[in-house]
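What follows is calculated from the coordinates using simple rules that are stated; it is not laboratory data. These numbers were taken from a predicted model, which means no experiment stands behind them. Every residue, glycine as well, gets a Cβ built from its backbone with ideal geometry; the counts of neighbours run over all protein chains shown.
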Amino acid sequence: MTRTNTPDARNRILQAAVKRFAEKGFEGSRIEEIAREANVPKSLIYYHFKSKDEIREVLFADFMREYKELLRLAADDTPETKRENMKDRLQHRYKQFAERNADLIRIMFIESLKKSSDKPILYQVVEALADSEPTDAPLHQADKEARDERLIAEFFTGVIPLYSYLCFSESWVSYFNMEKERFDELFLQLFMATHGSVHSKT
């Protein structure tokens with residue numbers, strides 16, 4: 001029996017969309033498949049969302065809202081405490097958030113790699129990270145150069161490795177016949193040696 005406009009219908013539609021998009025890609029997924037996955041009539045999807053594009057936009061907006069809240073929680077950290085607590089934050093805050101959103105991050109990767117994307121969602125992630133640093137002063141040239149350096153460092157040594165780890169970990173341990181616990185341990189060591197060294201200079 002098809003469930004209609006129950007209170008959680010919108011959320012089930014979003015969850016179903018994430019599953020379909022992650023499995024078949026955004027272009028390869030159809031509204032009918034999302035409706036079937038969510039166990040709702042197709043008309044109910046159009047009641048909540050104008051199009052498949054709007055579903056994607058809502059998913060990304062929800063992700064960014066939760067991500068910015070995580071950044072806000074760390075806003076009072078000093079550079080020293082950020083370095084000291086990086087491993088703990090990675091394991092118990094950011095990693096849990098990213099694992100919970102692993103399928104959505106797969107979609108974000110694919111969408112960000114498209115040449116037609118004028119503002120990739122992954123760029124918005126690193127932009128939010130850079131903008132989370134409190135500042136009361138106008139952005140002078142020296143500040144801009146420091147921000148540019150941070151954007152590059154955070155994106156290429158932080159965001160991309162961490163999100164790649166989440167997207168590839170399952171297939172990696174299977175392909176290379178590696179224990180997941182060992183894989184996680186080695187990744188964390190290497191991540192701290194690379195991205196951690198970036199923060200040790202700040």
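Other residues whose C-beta falls under 11 angstrom from the C-beta of residue 48 contribute a net charge of +2, scoring Lys and Arg +1 and Asp and Glu -1.
Full extension of the chain segment joining residue 188 with residue 116 gains 22.6 nm, where the gain is 0.36 nm per residue of separation less the Cα-Cα distance.
When the pairs 87/180; 50/95; 119/180; 50/115; 144/180; 24/144 are compared against a 30 Å limit on Cα-Cα distance, 50/95; 119/180; 144/180; 24/144 fall above it. Distance between the pseudo-spin-label points of residue 74 and residue 145 (7 Å out from Cα toward the beta carbon): 2.6 nm.
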